[in-house]
Amino acid sequence: MRTLVVYTSKTGFTKTYAEWIAEDLGAEIVRTQDLSREQLASADVVIHGGGLRASRIEGLRTFLRHWPLLKGKHVALWHTGANPGRPETVEGVWEQNLTPEQLERTTRFYLRGGFDFTRLRGVDRLVMSIMRFVLKRKKNPSADDRGMLAMYEHPTTELSRENTAPLVNHVRSLDA
Ligand SMILES: Cc1cc2nc3c(=O)[nH]c(=O)nc-3n(C[C@H](O)[C@H](O)[C@H](O)COP(=O)(O)O)c2cc1C
């Protein structure tokens, strides 16, 4: 089966996952912005991943413009975020980013990334600076708030090749 990995990554976490997945599956890899109709047409399995930005998955909207071309293909999606990946959080993100039909016709995964404030530029850096200001002023910060604040001080990463196993095994099982 011809497999194509498509990704959007701003600070590199999603890109690393995309490279690991493509390597393990012997797949072609392309950035969402460079994806061509020809590449999509020749693939049997299409996998898309994007980093999370305020519950929106980067690149997914652009990728889903090709939705009619994905008919009859296996489509797997993942997103990479800094959150610990509680099922209700992950499901909520998918429900916000996909239509009921897209939810029905895709298989979805969450691959935990990390947070590196030093790699942020422009609007992202500004938004996250404001967030840090707000978090610092909270009277009763939650454990997640405290965890987030700690990430500003020390770049964190939960990147691990093992995290890709459920996705990679799912795609391999399509071949069986
Ligand atoms: C502006 C901004 C908003 C973010 N919002 C979220 C969020 O809502 N949930 C989350 O888990 N992570 C959030 N993150 C963290 C990123 O999703 C995380 O760093 C991810 O690994 C980035 O992937 P990338 O390196 O491939 O761009 C945010 C980061 C930035 C800069």
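What ratio of Cα Rg to 2.2 N^0.38 Å holds for segment 37-139?
The reported ratio for this selection is 1.25.
Can you check what the net charge comes to around VAL134, using other residues whose Cβ is under 14 Å from the Cβ of VAL134 (Lys, Arg +1; Asp, Glu -1)?
Residues near VAL134 contribute +4 overall.
State the answer as a single residue: which of THR80, GLY122, ILE57 lies farthest towards the positive end of the charge dipole of the chain, with beta carbon charges of +1 for Lys and Arg and -1 for Asp and Glu, about the Cα centre.
Farthest towards the positive end: GLY122.
Which percent of the accessible area of segment 36-169 is formed by carbon and sulfur heavy atoms (probe 1.4 angstrom)?
Ligands and nucleic acids excluded, carbon and sulfur give 53 percent.
Please give the contour-minus-distance gain from ARG146 to ARG172: 0.36 nm per residue of separation, less the Cα-Cα distance, rounded to one decimal in nm.
5.5 nm
LEU103 label point, 7 Å along Cα→Cβ, cut-off 15 Å on backbone N: hits in segment 60-91?
Residues 87-91 fall inside that zone.
Could you compute the longest span of the chain free of trypsin sites (Lys or Arg not before Pro) located in DSSP loops and having at most 12 other Cβ atoms within 10 Å, not counting the site residues?
It runs 1-64.
Keeping all protein chains in place, calculate the accessible area per residue for segment 76-154 (probe 1.4 angstrom), answer in Å².
61
Below 8 Å between Cα atoms, with a sequence gap of 6+, how large is the relative contact order for the chain in percent?
That works out to 22 percent.
Helix-only mean residue ellipticity at 222 nm, the chain, DSSP H runs n ≥ 4 weighted -39,500 (n - 2.57), per residue, nearest 500. What is it?
-13000 deg cm²/dmol
Specify the residue with the greatest mean-square fluctuation among GLU19, GLU153, GLU28, computed from a Gaussian network of the chain linking alpha-carbon atoms under 10 Å apart.
GLU153
Quick one: in the chain, what % of C-alpha pairs are over 29 Å apart?
Beyond 29 Å sits 22 percent of the P(r) for the chain.
Need one number: nm distance between label points at ARG121 and ARG137, each 7 Å from Cα along Cα→Cβ, rounded to one decimal.
Distance between the two pseudo-spin positions: 3.0 nm.
Could you derive backbone 3J(HN,Hα) for segment 69-82 from the dihedral phi with the Karplus parameters 6.51, -1.76 and 1.60 (θ = phi - 60°), listing whole Hz in sequence and x where the residue is Gly or Pro?
6, 8, 4, x, 9, 7, 10, 10, 10, 9, 10, 10, x, 8
Would you pull out the residues with amide H under 5 Å of ARG108's amide H, same chain only if 5 or more places away, H placed 1.01 Å from N?
Under 5 Å from the amide H of ARG108 lie the amide H atoms of LEU77, each far enough along the sequence or on another chain.
HN-Hα J couplings of segment 100-109 from phi, Karplus 6.51/-1.76/1.60, θ = phi - 60°, integer Hz, Gly and Pro as x?
For segment 100-109, the Karplus curve yields x, 5, 5, 5, 5, 9, 10, 10, 10, 9 Hz.
What residues have an amide H closer than 5 Å to that of GLY49, excluding those fewer than 5 places away on the same chain, when H is modeled at 1.01 Å from N in the peptide plane?
VAL6, TYR7, THR8, TRP78
Build a GNM of the chain with springs between Cα atoms under 10 Å: which of TRP94, TRP20, TRP67 gets the top mean-square fluctuation?
TRP67
Given the options ASN83, ASN140, ASN163, state which has the largest fluctuation in a GNM of the chain using a 10 Å cut-off (strictly under) for Cα springs.
Checking each option, the largest mean-square fluctuation is seen for ASN140.
The values are calculated or read from the model by the stated rules, or taken from the named source; none is laboratory data. These numbers were taken from a predicted model, which means no experiment stands behind them. When we count neighbours, we look across all protein chains shown, and the Cβ atoms used for this are built from the backbone with ideal geometry, even at glycine. Surface accessibility is based on the protein's heavy atoms, side chains included, excluding ligands, DNA and RNA. Shrake-Rupley method; radii C 1.70, N 1.55, O 1.52, S 1.80 Å.
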